[in-house]
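Encoded as structure tokens, the structure appears first; notes follow it.
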């Protein structure tokens, strides 16, 4: 019996130039920014389609948080003397558009519609939490405490919003 060779690992180049790290950081912050803009557009539509009052209130709270998070990200772009870029946003937006489309497919069935909205919201909040956490770690490597603090605040809000959506999901399922 012949053993298949294990592919050799690429050589690890651990040192990143500060400018490379900044480009990585701003590129990925822009992706999260795209999601936030997407949410500003879609959350009012979702709120109009919900049946459970708690979910409507949760979406309203999330909308307020998204506005504040965008404000913080604008501040980060300013602090880094760079701008938001729409490059590479299509993939993120299409992933969430697919989830958003499910809401319309279930619109006539109240519990299923609310569950589709909760699924959509939970996916977004989970992605945001992971992104803000990684970006915060990158900001620490960039030696920028102010940016790190702004990202920590965004992470904490995304985490709270995700917890809220999970509690509403439990309530929605308990009532079905």
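The values are calculated or read from the model by the stated rules, or taken from the named source; none is laboratory data. Predicted, not measured: the structure shown is a model, and the values here were computed from it. Every residue, glycine among them, receives a Cβ derived from its backbone with ideal geometry; neighbour counts consider all protein chains shown.
All of (1) loosely packed, with under 13 Cβ neighbours inside 10 Å; (2) at pLDDT below 90; (3) over 25 Å from residue 166 (Cβ atoms) hold for residue 16 with one exception: (1).
Per-residue answers, yes or no, for (1) over 19 Å from residue 159 (Cβ atoms); (2) touching a residue at least 40 places away in the same chain (Cβ under 8 Å):
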{"site": "27", "(1), (2)": "yes, yes"}
{"site": "30", "(1), (2)": "yes, yes"}
{"site": "47", "(1), (2)": "yes, no"}
{"site": "57", "(1), (2)": "no, no"}
{"site": "76", "(1), (2)": "no, yes"}
{"site": "90", "(1), (2)": "yes, no"}
{"site": "116", "(1), (2)": "yes, no"}
{"site": "120", "(1), (2)": "no, yes"}
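Take the conditions modelled with pLDDT under 80 and surrounded by 14 or more Cβ atoms within 10 Å (Cβ to Cβ) and apply them to residue 98. Does it pass? No: the conditions fail for residue 98. The set of residues in region 123-174 being more than 19 Å from the chain's Cα centre (by Cα) and within 21 Å of residue 21 (Cα to Cα) consists of 140, 141, 142, 143, 144, 145, 146. Within region 36-51, the only residue that satisfies the criterion of being part of a loop (DSSP other than H, G, I, E, B) and surrounded by fewer than 20 Cβ atoms within 10 Å (Cβ to Cβ) is 51.
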